[in-house]
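In what follows, a structure is listed as C-alpha cells, so that the remarks can point back to it.
The values are calculated or read from the model by the stated rules, or taken from the named source; none is laboratory data. Keep in mind it's a predicted model, so treat the numbers as computed, not measured. Cβ sites come from the backbone with ideal geometry, for glycine too, and all protein chains shown count toward neighbours. Note: accessible area is taken over every heavy atom of the protein model, side chains too, but ligands, DNA and RNA are not part of it. Shrake-Rupley method; radii C 1.70, N 1.55, O 1.52, S 1.80 Å.
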Amino acid sequence: MRSTWRLFIIASGLWGTQALADQYHYHNLIVGERAMGLGGAFAAISDDASGVIYNPAGLAFALSSDISGSANAIYSKKTVYKKTIGSDDFTERSSGTLSPFFGGLQKLDSTMPGLSMAFAMYSLDSELKDQDDKIEDIGGLERFHRTTNIRASTTGYGLAAAKRISAAFSVGVAVSYLVIDELVQEYQDVQYKNGVFLTQNYRTRLTGGGLDTALGAQYAVGTWSFGLTTRLRTLMHEGYDVGLDYRTNLDSATGVAGALSKIQRDDKIKEPLKSLPTEIRAGVAWYPSALFLWSFDVIHNTATESVYFKREAVTNFATGTEYYITPSIPLRTGIFTNYDTRPDVESGKQNQQDHIDYIGYSLFFGWVQPNSQVAGGLMLQDGKGKAQKIQGPNIQTVEAQSYTFALSATHSF
Amino acid sequence: MPMKRPGGCLHLLSLGLATMLLGSCSFGAKPNSEILEPNKVDVEQQKKIEEARAEMEIGRNMAGRLLKFYGAYPDEKLVRYVNEVGNFVAKYSDFPDRRYMFEVYNSETVNAFACPGGYILISLGAIKNASNEAELAHVLGHEIAHVGHRHMFNTLNKMSKDELDKQAAAGAQASELPEESKIRLRPEPEESTLGKSIAKYIGGSAAGLNLLQAAKAGMSVIMEKGLGAELEFEADQLGTRYAVGAGFHPKALINFLCRMETNRGRPKDYCLKETTTQVEAKTILDKTHPSVPTRVANIKTVLLAMKADEIIGAKGKKRFVTVKERINKNSGLAEKEKGKGSSDSDAKAKEKAKISTETDPEGKE
C-alpha cells in the first residue's frame, strides 16, 4: 500500500460521504420468470403474473392461470473506483439474497370472457452492503477505519385486472403499493500518532410509501404484439432521517491537537423524494414460430425534482429472445440498459454524486414440464462512469459489475 | 429392553416423515399395507389399481377442462337430481359398484360427455331437450356405458406416442383460442423421466400413460374426433339396456334423438329413415357421433332383441316436469337479469316446450 493516498485521506479530513443507496437506477433488478431471461423486454408479452409490473393488459392474453416465484439465489456487485487513492483503486462490494418476485394469475373467463386478474409482490431494488476498510501504522497515521452498512429495498405489492376488448386488443390496470426503505450507516475513525483524531458517525434512513398505478394496452396483429404502459406514481408518505455525530480535536489552524469540537445533528426531512418518476413503456414482440420470439422495450422515466434525490429523465432499452432448443428447454437471452439518473460528473465541481451507466446481459435456461417450469440463469450488469469518491476536485473513473444468479418456478393450472 | 427417548430433532423428523407417509397413503387407492403386505401384492392387481388411478386422473383433468370451458350450471338441486337418476341407472349397468359423478354444464347445445373414471357431464340443452325422466336416464345410460366399458381410456391407451402427441396438440387447439393468442403457444413440453418421477411423487400419478398428454388427447377425441361409430353404437345399445333394466321406457332414447333433430329443423320422419346420407356436421355431437338415423336403427335392433314392445317402462314425466319448470324459471330469471325482459323469455320457453311436446313421437304419456 502506498503512503501517499493514506496521507491524502488524512489531509482531506474525511472520506466523501456519498454512500447513499441506489434510488438512481431503475433496472437494478429484473423480475418475472420469463421477463428476467428477456432482459425485461416484456411490455408486449406480459402474459404471466409479472404483467402487474410490465404491462397489465398482457394478463388478458394469458394461456393459463399460473403461480410463479423467483429468487436471486446469489447477487453480487462490485464497484471499482479507479485511482481513487493515489494510483490505487478503491473497491466496494455489496450482495443480496432476497426474493424479488412472487405472483399469481387467474383467468376468469367463466365470470366474464377475456377477464384475468393477477397479484404480485416484487422487489424493484434490493441491496445489502457491508464495507469495511482499515489502514494502520503508516507515517503519522496510527489508524484509519471506515465501515459502511446499507440495507435498501423498494418493494411493490400489486393487484391487476385485464380485459380483452376484442380478440386482438386488451386493456389492463394494475395498482401497487410501493414501500421504500433504505438504511445507511457509515462510521469513520481517524487516529494520528500525535494524538489528533477525527470520528464521524453518519446515518440516514429513507422511508416512503406510494401508489403505483399502471394503465396498459396490448394489441396483437398477425405474428406481432404491441404493448404500451404508463405508470403514474404518487407518494403517500415519506421521511428522511439524517443523523451525524462528528468529533475532532484537530486544530485546523495549527494541524495539531487542540480543543475538542463536535457536531451533532439529527434532522428529520419531510419531503426528501418529493415525487416519483412517471414511467412510459412501449414494447413490441414478434412470434415468428412456436419456437422463437423476439421482444424489444423502450422505457422512459421522467425527471424528479428534489434537493436530496434529484433524478434526471432517463430512457432505457431492453431486448430479448426466447428459443426452444427442445420442446422442454427454452433458452432466453436479453440485453438491457440501466442508465444513471444522476447528472454527469463534471470537472471543476466538488461533492458530485457518482454517475454510472450500466449495460446488462441475461442468459437463462428453462426446463418445461407439463403444467410447470423452472428456469435458472445469470444476469450480468457492466457499468462505467465517473465519481468523486474523496472530498475535493478529483474525479475518478468507475467500473462496476454485478452478477445475479436467479432461479424461478412457475406452475400452471 | 428399555427404549431411548429420541431427541427433539428426531421427533420433528419422524413427525415430518409420518406426515409425508400419511399424505402419500391418503392419496387415492393405494393398497393398504395392513391388508396387503408389499411382498404379497399381486402384480396384476397393482397394475389394475394404477390404471384405475390413471383413468381417474385423466377423467378429472378432462372434466375440469370442459367445465372451465363451458362453466357449470349453477343449480345444485338440478345436479343432485341428475346424480340421482344417473346413479340409479348405473346400478343396473354392467359395473354397478363403480362410482359416477354427474354434472350439468352450461350450454344450450344438446350433448353429454363421458370422461374416464366416472366423470359424466350433460349439457343444460340436453336436459331441456328431454321430455321425461326416461329420456334423461337413457342419455345418462349411454354415457355410463362409455365409462364402464372404458371406451375413452382404452382408445387413449391404444394410441402410439406420436398419435397421442398429435391428438394432444389438436386438443389444445380445440380449446378455441383466438388466433391472436395462438401465436403465444409454445411447444408442447416433453415429459421427461425425471419430471414424471417428480410428478409421480408429488401427485401420486402411477400410470404408464403420460396423463396430461392423454387428457389433452382425450379432449380432442371428445370434441373433434369422436370414439368411432362402433363404440357409439355399443354405448347406445348398452345404455338402452341399463335404462330399461332400471325400469324406464324402452324407446326413450329414440324419442330424445328424434326430438333433437326435429328441433334443428329436420323433418319429423328424418330420424326414422334408414339413411346413410352424410349431413353437414354443425355441432360437436354431429362430429363425434354417427348420424341419428343410423343410431335409431341400431337402437331398434336391441329393442327388438329385448322384445321391448312387451316391456312397460316408466317415463317419469311428473318429476321431470317440475325439473323443467325449475330450469325455465331460472332461465327466465337469467334473462331478466340480462335486461331482456321476462315476457320474451317466458314466451320462448313456452314456445320451446310446445315444440318439445309436438315433436315427441311418443306423444303424451
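Per-structure values
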item	result
Leading residue by the ranking (nearest to the other protein chains (Cβ to nearest Cβ)) among those in the range A:49-67 that are over 22 Å from the mean Cα position of the chain (by Cα) and crowded, with 21+ Cβ neighbours inside 10 Å	A:Phe61
Criterion violated by A:Lys274 - all others in (1) over 23 Å from A:Val398 (Cβ atoms); (2) crowded, with 19+ Cβ neighbours inside 10 Å; (3) basic (Lys, Arg) satisfied	(2)
Filtered residues of the range A:293-313 (kept if touching a residue at least 60 places away in the same chain (Cβ under 8 Å) and open to solvent by less than 10 Å² (accessible area, probe 1.4 Å))	A:Leu293, A:Ser295, A:Asp297, A:Ile299, A:Asn301, A:Phe309, A:Arg311
Residue within the range A:68-86 that is at pLDDT 80 or above and open to solvent by 60 Å² or more (accessible area, probe 1.4 Å) present	yes
For A:Ala259: the one exception among (1) open to solvent by 90 Å² or more (accessible area, probe 1.4 Å); (2) touching an Asp or Glu at 6+ places or on another chain (Cβ under 8 Å); (3) free of Cβ contacts under 8 Å to residues at least 12 places away in the same chain	(1)
Of all residues making up the range A:360-374, the number that are buried (at least 21 other Cβ atoms within 10 Å of the Cβ) and either within 14 Å of A:His25 (Cβ to Cβ) or away from every other protein chain (no Cβ under 14 Å) (or both)	3
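Results for (1) away from every other protein chain (no Cβ under 14 Å); (2) over 13 Å from A:Leu38 (Cβ atoms); (3) of a type in the set (Val, Ile, Thr), shown as yes or no for each residue.
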| position | (1), (2), (3) |
| --- | --- |
| A:Phe296 | yes, no, no |
| A:Phe317 | yes, no, no |
| A:Thr333 | yes, no, yes |
| A:Gln353 | yes, yes, no |
| A:Tyr358 | yes, yes, no |
| A:Gly376 | yes, yes, no |
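To keep it simple, each residue is scored yes or no on (1) of a type outside the set (Lys, Arg); (2) in a strand (DSSP E or B); (3) within 14 Å of chain A (Cβ to nearest Cβ).
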| position | (1), (2), (3) |
| --- | --- |
| B:Ile58 | yes, no, yes |
| B:Leu66 | yes, no, yes |
| B:Tyr81 | yes, no, no |
| B:Glu84 | yes, no, no |
| B:Arg99 | no, no, no |
| B:Val110 | yes, no, no |
| B:Lys128 | no, no, no |
| B:His146 | yes, no, no |
| B:Phe153 | yes, no, no |
